[in-house]
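Let me begin by presenting the structure, written as structure tokens, before commenting on it.
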Amino acid sequence: MFGHAKFCCGPRFGRRGVLSSLLAVVAAGAFGRPGFAHPHPGGPEGRGGPGPDGEHPGAQWFRARVEAHVTDALDVAKATPEQRKAVQAEVDALLAKGKGGMDRHHQQRKAAVEQFVADKPDAKAIAVLVQQFVDTRLERAKDLAAALTRLHPLFRPEQRKAIAGYVADVVPAPRGSWQHKMARFWTDRMTDRAMDHLHCTAEQRRALGAIREKVHGRMASVPTERRKHLDGALQLWQGDRLDAAAVQAHLDASAKHHKELAEFAVDQALEVHKVLTAEQRGKLAEFLRNHHGRRPHGGRHGGHGGPGGPAEGEE
């Protein structure tokens, strides 16, 4: 719903998995989402490259995923042909507007890597990157909110309830304690192996371990925060009308949340920058430049469930 989107991958092992796990802790992927963002293998960072129409395979996969979820939601709501036509027009407009977002994201990511590898990161440049990240997320959320506001009166209350139920079912609930323990186990294991690969000293390991604990502590509450945000959006959608002030307040809260997480991630990345040598930072930066994404996992429609896309895991 309003500004809520989660696209992450599950774990993968091997050299790239080791390095990316450390990057998750140092928050080098802060300009995409909390934790390290792993693009679809065929996208701009993958092996595929753009197709005849100029659209990257990653964007093609994303379009297919969105349209599959929209179709399922409308089926659950028993939407009429007229309703489906209206929804498809909004989806097409949103996807068309978002085509430039992928290139913009990679430009920002490249700039973030350059700051991480630099001897003295530029505080002003980093602040600009954080604000660009927040502005991009807010712009997407506003476009989506405007589309939903136009569509809201076209659906009967029971249809809006059915659509909300579908969305709530598709987006997984926050992990239980055992899932948190397993996620932490694999994160710790892979970051330890990453430190081995970078030949970190005992002193570096202690410093990086402290940063890792801080990241674990902050990120533990993120799934619950995001679920609460989504539930609020679904409540707005199911109302008799969409109150403009309530929608704006929801968007403002989302923007604030994203900025706080981005600033936290940057702070931790700068702490790691102090710990690693120039050579070690260079190894991480080289990995980022050559990263081809992870093998897709998942179920339905490739994200929350089917082959061909990242598995759910986390904005």
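Annotation: G176 fulfils all but one of (1) more than 23 Å from the chain's Cα centre (by Cα); (2) of a type in the set (G, A, S); (3) modelled with pLDDT under 85; the unmet one is (1).
Listed here are the residues, each with its yes/no results for (1) over 28 Å from L154 (Cβ atoms); (2) modelled with pLDDT under 95.
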site	(1), (2)
E55	yes, yes
P81	no, no
A86	no, no
A89	no, no
A93	no, yes
K97	no, yes
G101	no, yes
Q108	yes, yes
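Restricting the search to helices (runs of 4 or more DSSP H) fully inside the stretch 212-311 and requiring at least 3 residues that are of a type in the set (G, A, S), at pLDDT 90 or above and over 17 Å from the mean Cα position of the chain (by Cα) gives 244-275.
Within the bounds of the stretch 185-192, is there any residue that is surrounded by 17 or more Cβ atoms within 10 Å (Cβ to Cβ), among the acidic types (D, E), part of a helix (DSSP H, G or I) and modelled with pLDDT under 95? Can you show your working first?
Narrowing the stretch 185-192 to residues surrounded by 17 or more Cβ atoms within 10 Å (Cβ to Cβ): 187, 190-192.
From what's left, among the acidic types (D, E): 192.
Next, from what is left, pick out any that are part of a helix (DSSP H, G or I): 192.
Applying the additional criterion that residues be modelled with pLDDT under 95 yields 192.
Yes, the conditions are met somewhere in the stretch 185-192.
None of D103, D143, D75, D135 is assigned to a helix (DSSP H, G or I) and surrounded by 14 or more Cβ atoms within 10 Å (Cβ to Cβ) except D143.
The values are calculated or read from the model by the stated rules, or taken from the named source; none is laboratory data. Because the structure is predicted, anything quoted here is derived from the model rather than measured. Every residue, glycine as well, gets a Cβ built from its backbone with ideal geometry; the counts of neighbours run over all protein chains shown.
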